[in-house]
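See below for the structure under consideration.
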Amino acid sequence: SLEVLAAAAANPALIDALRERKRFEFVEGSVDGIDALISTTGYTGEKVGYELLVHPDHLPQLWSLLIEKGTPLGLVPCGLGARDSTRIEAGFPLWGHELAGPYGVTPIEAGYGGSVKFHKPFFVGRDAMRAHEETRSRQIVRFVVEGKGRMARDGAPMVGGDGKYVGVVTSCTQVGDRQVGLALVDRRSAARGTELFVYRLPPDLDRQPPAKRMSDLEAGDAVLLPAKATVVKRFL
């Protein structure tokens, strides 16, 4: 990615500054005459990656420039779905899934507690965040399901080895012969190596087998079978 940027920017001073930056830092400069803020927050899980923030009017020009200079170096455009699969594999959160969203996930629950500076005397939401942290019972985890099969979609319930509900899948993708996903679970089930079970719901919930008591099952009735999931290291 740095080689592509260097070819496009025609600005050695900018590239030298980027080489010195650590993760989650940024520089401001010109990419072939286009003013840009470039941050070292590449969102694909690679060790080196950049995000470019420019004025909307300059986006088509920047896109064409990157394609022109980057294609000889192997650059290939990809869609949002491809980018989303790599961020899930890496364990990165997405707003509305592993941050905020319907479950109200906090940055601390998402694994970014270091970004919440309680030592500061004030920031917006400080009191609410501290109160929440004192009673927090949830944590985002990364998990794997070995083998192929129906995808564990957002909202799929997860249970522990005792069959009790512990949380819900927030994102998932297929990576080779296994699925890798993120889930919001009870902190007691968040330790690396913990075995959980996920119910992979059908895309059309109307096709979900009706729930019956075990004693009421009849020949031919269908039931949902869980797949074994293992909690792995939070970030790839």
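The values are calculated or read from the model by the stated rules, or taken from the named source; none is laboratory data. The structure presented is a predicted model; accordingly, all values stated were derived computationally and were not measured. A quick note on method: Cβ atoms are made from the backbone with ideal geometry, for glycine too, and the neighbour counts reach across all protein chains shown. Heavy atoms of the whole protein, side chains included, go into the accessibility calculation; ligands, DNA and RNA do not. Shrake-Rupley method; radii C 1.70, N 1.55, O 1.52, S 1.80 Å.
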>> Looking at the structure I just gave you, is R87 in contact with a Phe, Trp or Tyr (Cβ under 7 Å, 6 or more places away or on another chain), among the charged types (D, E, K, R) and surrounded by 11 or more Cβ atoms within 10 Å (Cβ to Cβ)?
In response: yes
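Mind listing just one residue for me: the one in segment 56-91 that is part of a loop (DSSP other than H, G, I, E, B) and not small (G, A, S) and, of those, modelled with the lowest pLDDT? Walk me through it before giving the result.
From segment 56-91, those part of a loop (DSSP other than H, G, I, E, B) are 74-79, 91; that's our starting set.
Of the ones still in play, those that are also not small (G, A, S) are 75-78.
On the way: L75: 95, V76: 94, P77: 94, C78: 91.
Looking at residues that are part of a loop (DSSP other than H, G, I, E, B) and not small (G, A, S), I get C78.
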> Mind checking which residues of segment 9-24 are surrounded by fewer than 14 Cβ atoms within 10 Å (Cβ to Cβ), of a type outside the set (A, V, I, L, M) and in contact (Cβ under 8 Å) with a residue 12 or more places away in the chain?
Replying inline: R19, K22, R23, F24
> Within segment 221-230, restricting attention to residues that are open to solvent by less than 80 Å² (accessible area, probe 1.4 Å) and at pLDDT below 90, which residue is nearest to the chain's Cα centre (by Cα)?
Replying inline: L224
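Of all residues in segment 92-119 being assigned to a loop (DSSP other than H, G, I, E, B) and among the small types (G, A, S), which is surrounded by the most Cβ atoms within 10 Å (Cβ to Cβ)?
Just the residues of segment 92-119 that are assigned to a loop (DSSP other than H, G, I, E, B), to begin with: 92-94, 96-98, 104, 106-112, 116-119.
Narrowing the set further to residues that are among the small types (G, A, S) leaves 96, 104, 110-111.
Values: G96: 13, G104: 11, A110: 24, G111: 19.
Within segment 92-119, the match that is surrounded by the most Cβ atoms within 10 Å (Cβ to Cβ) is A110.
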>> Let me spell it out: the conditions are (1) at negative phi; (2) touching a strand residue (DSSP E or B) at 6+ places or on another chain (Cβ under 9 Å), and G91 meets all of them except one. Which number is the exception?
In response: (1)
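Please go through segment 25-55 and pick out each residue that is within 22 Å of G81 (Cβ to Cβ), open to solvent by less than 70 Å² (accessible area, probe 1.4 Å) and in a strand (DSSP E or B). Break it down into steps so the answer makes sense when it comes.
Filtering segment 25-55 down to residues within 22 Å of G81 (Cβ to Cβ) leaves 41-46, 49-52.
So of that shortlist, the ones also open to solvent by less than 70 Å² (accessible area, probe 1.4 Å) come out as 41-45, 49-50, 52.
Hit for segment 25-55 is L52, nothing else.
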>> So, D162, is that one touching a strand residue (DSSP E or B) at 6+ places or on another chain (Cβ under 6 Å), free of Cβ contacts under 8 Å to residues at least 60 places away in the same chain, charged (D, E, K, R) and surrounded by fewer than 18 Cβ atoms within 10 Å (Cβ to Cβ) or not?
In response: no
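Could you tell me whether S171 is modelled with pLDDT of 95 or more, within 14 Å of the chain's Cα centre (by Cα) and small (G, A, S)?
Values: modelled with pLDDT of 95 or more: yes; within 14 Å of the chain's Cα centre (by Cα): yes; small (G, A, S): yes.
The answer is yes for S171.
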